[in-house]
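Written out below as C-alpha cells is the structure these notes cover.
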Amino acid sequence: MAFFINDKEFENQGEFTKYGRGCATKIPTPIEILRVDEEISSNKSRRSLFSQLSIEVRFHHVTYGAKGLITKSQRKKQIDLLNQAFAGANLKFKYSESKVQFIDNQSWYFMGHGSAAEREAKTLLGTDSKRYLNFYTGGLVSGLLGWATFPFDLSGDPILDGVVMLDESLPGGDAAPYNLGMTGVHEVGHWLGLYHTFQGGCDGIGDHVHDTPAHSAANYGKPQLDQAHNACIVGENAPINNYMNYVDDEWMNELTPEQEARVKEQIMMYRTGLLNT
Ligand code: ARG
Ligand code: ZN
Ligand code: CA
C-alpha cells in the first residue's frame, strides 16, 4: 500500500549522519499523484481560496520517564517557526496550553511509522483531525526525525492524520543539526500536501511545483550554491534552502510562491474542515 523511502535511495547520498534516514513520510504512489493533480485541475475554477486561515495545533507528547518532556517554550518556538514558514500561504498557527497532553508509554514512545503503537497512540490521543493539526512527539524508532500524513489520506484514515516528530528535533532539542524546529515545518509541509523538492528526481514533473527546480536527489548539510550540482536542468540550481529538501535545519528558510499556492489548493480540496474551526 504505502511506498517507503528505501535504503537504496540513501546509499547514493554518500555520508549521512545519525538522522540521515530521517524521513518516513511515505512516497505517494503514481496513482495517488495523478489523482491529486486531476482533482486540483478539475476543481480550480470552482474554488475560492481563503485570504487568511488560522489552524489550531494540538500537541500530544508521548514520554518515557524523563524523556520527551517538551516545554512550553519549545511549543511556542515551534509555532512561531510554522507561522514564519507558512505566512506566505496566509496561514496562522495557534495552540492552547490547556489542550496539551502528555502520556507516559514506553512502547508508544518508540513508535515506528505504520506501527501498531502509532495507531494505538493516535486513537487515544488524537483530536478531530478534520479540524485540528495533531502534532505528536516521541522518541521514535532509531534514526527517524518524523513523518506526516498527506491531505488526500485524511478522509480514508482520519485516525492516522497528523505529524509525528522526534522530540529532540523540536527547537532546543538534542538532534543537531536537526534541532531548530525545521523538521516540524517540513512535516507540516507534507501534511499540507507538499512533496520533497527532489521527488521523482529528473523524471516527469518531480514535486509538481513549477518554481522549485527539479533535482536528482536530496541535498544534505549546508550546500553552497556552487556545490548544488544536482539540478536536472543545466543553469538551474537545486532548491538548497527549501523546507522540503533534506538540508540542515539552519539551512532551511524557503517556500516558493507555487508551493504556497499548492498548500492553499490542498486545503480547499482536502482539508476544508479547517475552514470552520
Ligand atoms: N526526513 C524527514 C522527512 O522527510 C524530515 C527531514 C527534515 N530535515 C531537516 N533538516 N529538519 O519526513
Ligand atoms: Zn519529508
Ligand atoms: Ca519542481
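Laboratory data are not the source of any read-out in this text; all were calculated from the coordinates shown. All figures in this text were calculated on a predicted structure; none of them were measured in a lab. FYI the Cβ positions are ideal-geometry reconstructions off the backbone, even for glycines, and counts take in every protein chain you see.
One table, with the values for the structure above:
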| item | result |
| --- | --- |
| Complete set of residues in the range 248-272 that are over 16 Å from Gly221 (Cα atoms) and among the charged types (D, E, K, R) | Glu258, Glu260, Arg262, Lys264, Glu265, Arg271 |
| First in the range 131-148 and over 13 Å from Phe110 (Cβ atoms), second anywhere and acidic (Asp, Glu), Cβ under 6 Å, 6 or more apart | Tyr132/Glu56; Gly146/Glu187; Ala148/Glu187 |
| Hits in the range 236-277 (condition: under 17 Å from the mean Cα position of the chain (by Cα), among the aliphatic types (A, V, I, L, M) and closer than 21 Å to Arg131 by Cα) | Ala261, Val263, Ile267 |
| Filter result for Gly206 (part of a loop (DSSP other than H, G, I, E, B), more than 14 Å from ligand 3 (Cβ to nearest atom) and more than 16 Å from Ala89 (Cβ to Cβ)) | no |
| Residue, farthest from Val36 (Cα to Cα), within the range 223-262, restricted to residues that are of a type in the set (A, V, I, L, M) and more than 15 Å from ligand 2 (Cβ to nearest atom) | Leu225 |
| Criterion violated by Ser216 - all others in (1) touching a Ser or Thr at 6+ places or on another chain (Cβ under 7 Å); (2) surrounded by fewer than 21 Cβ atoms within 10 Å (Cβ to Cβ); (3) of a type outside the set (Val, Ile, Thr); (4) without any contact (Cβ under 8 Å) to a residue 40 or more places away in the chain satisfied | (1) |
| Given (1) touching a Gly at 6+ places or on another chain (Cβ under 7 Å); (2) surrounded by fewer than 19 Cβ atoms within 10 Å (Cβ to Cβ), number of the condition Glu260 does not satisfy | (2) |
| Filter result (assigned to a helix (DSSP H, G or I) and surrounded by 21 or more Cβ atoms within 10 Å (Cβ to Cβ)) within the range 235-250 | Asp249 |
| Residue within the range 221-228 that is of a type outside the set (A, V, I, L, M), part of a loop (DSSP other than H, G, I, E, B) and more than 14 Å from ligand 1 (Cβ to nearest atom) present | yes |
| Enumeration of residues in the range 243-257 that are in contact with a helix residue (DSSP H, G or I) (Cβ under 8 Å, 6 or more places away or on another chain) and within 16 Å of ligand 3 (Cβ to nearest atom) | Tyr243, Met244, Leu255, Pro257 |
| Any chance Arg271 is within 16 Å of ligand 2 (Cβ to nearest atom) and either of a type in the set (D, E, K, R) or on the phi > 0 side of the Ramachandran plot (or both) | no |
